[in-house]
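Student: The following block contains the structure, expressed as structure tokens.
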Amino acid sequence: MLDIRLIRAEPDRVKAELAKVGFSAAQVDELLAADRRRREALHTVERLRAERTTASKAIRDLGDPAERERAIAAQRGVGEQIAAAETEVVVAEEEYGRLMLEVPNRPHPDVPVGPDESANVVVRTEGALPTFDFTVRPHWEIGPELGILDFERGVKISGTRFYVLRGAGARLQRGLITWMLDLHTREHGYTEVYPPAMVKRECLVGTGNLPKFADTVYRDAEEDFWFVPTAEVPVTNLYRDEILERLPIHHVAYTPCFRREKMSAGRDVRGIKRGHQFDKVEMVKFVAPETSDQELVRLLADAEDVCRRLGLPYRIVQMCTGDLSFTAAMKYDIEVWAPGCGEWLEVSSCSNFRDFQARRANIRYRPAPRAKPELVHTLNGSGLALPRVMIALLETYQRADGSVAVPEVLRPYVGADVIARGAPT
């Protein structure tokens with residue numbers, strides 16, 4: 001959420017910045033008009049209440065009973081006016097609140113300007129793309145042939161875009177998650193948390209998922225619990241409505257994630273690239289505003305380290321203004337190469353939200369003892385997301401005999417050097 005005081009004070013600047021992310025000047029004007037109506041309604045209520053207070057004091061000083069009765073009767077009309085004005089305040093506040101939640105974050109000044117993903121910038125590519133002396137195959141052939149990936153039973157029990165991992169495939173996924181958590185906690189300085197996978201509505205409002213993306217999130221309608229689309233949601237809300245005494249705070253968490261794939265209907269229908277349920281290790285930071293740009297650099301480096309240690313070629317892509325998320329001021333994607341699919345797959349998005357989420361979730365800190373609380377800056381990045389890492393591993397480490405080598409860092413977690421046909425499960 002943006003600061004309404006900034007929008008009022010510098011509307012032309014805000015309009016110019018938001019236009020870069022596709023938010024029109026007319027929408028800013030609509031918000032400002034709603035803000036004026038809200039403030040006018042509040043002023044009316046305050047004026048009427050003050051008049052009633054003044055009149056009540058005057059009534060107490062009246063000695064003539066008849067005159068006092070007439071004055072009291074007149075005040076009944078003021079009470080009705082106040083009730084009507086209070087109703088106007090409620091309506092105006094609701095409209096203003098709704099419009100404020102629809103305003104995206106302002107892009108960082110260093111974000112390249114562009115209309116859509118075609119203007120994203122490949123910052124650099126790390127690692128040589130693998131070469132093979134045999135015909136490479138996609139994971140949707142490798143996995144079922146090894147008996148570690150079962151599409152048919154996934155569809156049977158849950159429907160399309162679901163699958164079952166078996167034996168060494170399940171161990172590989174579990175090993176990946178555990179190894180990534182160990183790396184981030186033991187070497188990158190994060191504190192692990194294991195949060196709930198269902199949250200209250202206000203948690204999704206705080207991180208910016210609601211109301212804009214309500215149709216992509218699964219919900220238990222009876223209890224109004226929402227299944228998390230990413231661990232960013234519960235971890236960020238650990239400190240909702242709190243004043244933090246010490247920064248920075250770096251957390252890492254594993255959760256299953258749940259998302260409706262409405263926007264990808266008909267896309268990536270083969271394999272496990274897009275599913276309604278997937279696993280992810282997520283890094284979340286709460287930092288002082290003056291450090292958030294540097295913290296984004298370090299966050300990106302921590303995610304890159306996972307790719308590097310797995311031996312996966314990857315590239316860093318900076319999102320242009322037209323491809324930023326609703327909440328991000330600056331965002332970098334990490335994409336790994338999947339030779340069987342023949343494409344780059346996003347496995348991490350590292351974002352600096354600045355104070356956008358903190359204002360929505362009311363997360364503040366004291367820059368000094370007894371100092372006035374200020375909004376923190378929040379950041380998050382996948383470290384990394386599955387199943388796309390699984391795709392890249394299966395396709396990068398495939399061998400001519402149909403087996404798949406296990407990267408050295410994962411062997412203690414998987415309990416095998418190679419995943420082969422007929423291997424113990």
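Student: When you scan the range 162-243 for helices (runs of 4 or more DSSP H) that lie fully inside it, which ones turn up with 2 or more residues that are within 15 Å of the chain's Cα centre (by Cα)?
Tutor: 201-207, 232-236
Student: In this structure, does A371 turn out to be surrounded by fewer than 24 Cβ atoms within 10 Å (Cβ to Cβ), in a loop (DSSP other than H, G, I, E, B), among the aliphatic types (A, V, I, L, M) and free of Cβ contacts under 8 Å to residues at least 24 places away in the same chain? Walk me through how you get there before you give the answer.
Tutor: Values: surrounded by fewer than 24 Cβ atoms within 10 Å (Cβ to Cβ): yes; in a loop (DSSP other than H, G, I, E, B): yes; among the aliphatic types (A, V, I, L, M): yes; free of Cβ contacts under 8 Å to residues at least 24 places away in the same chain: yes.
Yes; evaluated as a whole, the condition is true for this residue.
Student: For L62, only one of the following conditions fails: (1) among the aliphatic types (A, V, I, L, M); (2) within 27 Å of the chain's Cα centre (by Cα); (3) not in a helix (DSSP H, G or I). What is its number?
Tutor: Condition not satisfied by L62: (2).
Student: To continue, here is another question. Restricting attention to the range 178-196, does a residue exist that is modelled with pLDDT under 95 and either touching a Cys at 6+ places or on another chain (Cβ under 7 Å) or not hydroxyl-bearing (S, T, Y) (or both)?
Tutor: Looking through the range 178-196, none of the residues is modelled with pLDDT under 95 and either touching a Cys at 6+ places or on another chain (Cβ under 7 Å) or not hydroxyl-bearing (S, T, Y) (or both).
Student: Out of everything in the range 210-265 that is surrounded by 14 or more Cβ atoms within 10 Å (Cβ to Cβ) and of a type in the set (D, E), what residue ends up being farthest from R298 (Cα to Cα)?
Tutor: E261
Student: Among the residues of the range 247-254, is there at least one that is under 26 Å from L99 (Cβ atoms), assigned by TED's automatic domain parsing to the domain that holds S348 and more than 15 Å from the chain's Cα centre (by Cα)?
Tutor: No: zero hits.
Student: State all residues of the range 145-167 that are in contact with a Ser or Thr (Cβ under 8 Å, 6 or more places away or on another chain) and on the phi > 0 side of the Ramachandran plot; if no residue qualifies, say none.
Tutor: Listed by number, the residues that qualify are G147, G167.
Student: Can you name the number of the only condition in (1) buried (at least 16 other Cβ atoms within 10 Å of the Cβ); (2) within 30 Å of V376 (Cα to Cα) that A41 fails?
Tutor: Condition not satisfied by A41: (2).
Student: Please specify each residue of the range 122-169 satisfying the condition of being among the aliphatic types (A, V, I, L, M) and within 17 Å of D279 (Cβ to Cβ). Show your work before the answer.
Tutor: Filtering the range 122-169 for residues among the aliphatic types (A, V, I, L, M) gives 122-123, 128-129, 136, 142, 146, 148-149, 155, 157, 164-165, 168.
Result: I148, L149, V164, L165, A168.
Student: Out of all the residues in the range 110-154, which are of a type outside the set (A, V, I, L, M) and assigned to a helix (DSSP H, G or I)? Please lay out each step first, then the result.
Tutor: Let us first name the residues in the range 110-154 that are of a type outside the set (A, V, I, L, M), namely 110, 112, 114-118, 120, 124-127, 130-135, 137-141, 143-145, 147, 150-154.
Hits for the range 110-154 are E117, S118, H139, W140, E141, G143, P144, E145, F151, E152, R153, G154.
Student: Among the listed residues T87, T135, T131, which satisfies the condition of being within 30 Å of Y332 (Cα to Cα) and of a type in the set (S, T, Y)? Walk me through it before giving the result.
Tutor: Details: T87 fails: within 30 Å of Y332 (Cα to Cα); T135 fails: within 30 Å of Y332 (Cα to Cα).
Being within 30 Å of Y332 (Cα to Cα) and of a type in the set (S, T, Y) holds for just one of T87, T135, T131, which is T131.
Student: Please verify whether A358 is in a helix (DSSP H, G or I) and within 20 Å of R240 (Cα to Cα), treating the condition exactly as stated.
Tutor: So A358 fits the description; yes.
Student: Being touching a residue at least 40 places away in the same chain (Cβ under 8 Å), in a helix (DSSP H, G or I) and of a type in the set (G, A, S) is the filter; apply it to the range 294-324 and report the residue that is farthest from V121 (Cα to Cα).
Tutor: Of everything passing the filter in the range 294-324, A303 is farthest from V121 (Cα to Cα).
Student: When you go through (1) surrounded by fewer than 12 Cβ atoms within 10 Å (Cβ to Cβ); (2) modelled with pLDDT of 95 or more one by one for E141, which number turns out not to apply?
Tutor: Answer for E141: the failing condition is (1).
Okay, residues lined up against (1) aromatic (F, W, Y); (2) surrounded by 13 or more Cβ atoms within 10 Å (Cβ to Cβ); (3) without any contact (Cβ under 8 Å) to a residue 24 or more places away in the chain:
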{"residue": "T53", "(1), (2), (3)": "no, no, yes"}
{"residue": "L62", "(1), (2), (3)": "no, yes, yes"}
{"residue": "E69", "(1), (2), (3)": "no, no, yes"}
{"residue": "G77", "(1), (2), (3)": "no, no, yes"}
{"residue": "P104", "(1), (2), (3)": "no, yes, no"}
{"residue": "P107", "(1), (2), (3)": "no, yes, no"}
{"residue": "D110", "(1), (2), (3)": "no, no, no"}
{"residue": "V113", "(1), (2), (3)": "no, no, no"}
{"residue": "V122", "(1), (2), (3)": "no, no, no"}
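Student: Go through (1) within 20 Å of Q357 (Cα to Cα); (2) without any contact (Cβ under 8 Å) to a residue 12 or more places away in the chain for E223 and report which single condition fails.
Tutor: Against the list (1) within 20 Å of Q357 (Cα to Cα); (2) without any contact (Cβ under 8 Å) to a residue 12 or more places away in the chain, E223 comes up short only on (1).
Student: Next question, about the same structure. Just to be sure I understand, how many residues within the range 142-161 are farther than 28 Å from E304 by Cα, touching a residue at least 40 places away in the same chain (Cβ under 8 Å) and either of a type in the set (D, E) or touching a helix residue (DSSP H, G or I) at 6+ places or on another chain (Cβ under 6 Å) (or both)?
Tutor: Number of matching residues: 1.
Student: With assigned to a helix (DSSP H, G or I) and touching a Pro at 6+ places or on another chain (Cβ under 8 Å) as the only criterion, which of R52, R98, R70 stands out?
Tutor: Working: R52 fails: touching a Pro at 6+ places or on another chain (Cβ under 8 Å); R70 fails: touching a Pro at 6+ places or on another chain (Cβ under 8 Å).
The match here is R98.
Student: In addition: Residue under question is R171, and the condition is that it be crowded, with 16+ Cβ neighbours inside 10 Å, touching a helix residue (DSSP H, G or I) at 6+ places or on another chain (Cβ under 8 Å) and of a type in the set (D, E, K, R); does it hold? Working first, answer last.
Tutor: Working: crowded, with 16+ Cβ neighbours inside 10 Å: yes; touching a helix residue (DSSP H, G or I) at 6+ places or on another chain (Cβ under 8 Å): yes; of a type in the set (D, E, K, R): yes.
Considered against the rule, which asks whether it is crowded, with 16+ Cβ neighbours inside 10 Å, touching a helix residue (DSSP H, G or I) at 6+ places or on another chain (Cβ under 8 Å) and of a type in the set (D, E, K, R), R171 comes out as yes.
Student: Assuming K20 fulfils every condition listed in (1) at pLDDT below 95; (2) closer than 24 Å to T207 by Cβ apart from one, which condition is it?
Tutor: (1)
The values are calculated or read from the model by the stated rules, or taken from the named source; none is laboratory data. Note that the coordinates shown come from a computational prediction; the quantities given were computed from them, not determined experimentally. Cβ atoms come from the backbone with ideal geometry, glycine included; neighbour counts cover every protein chain shown.
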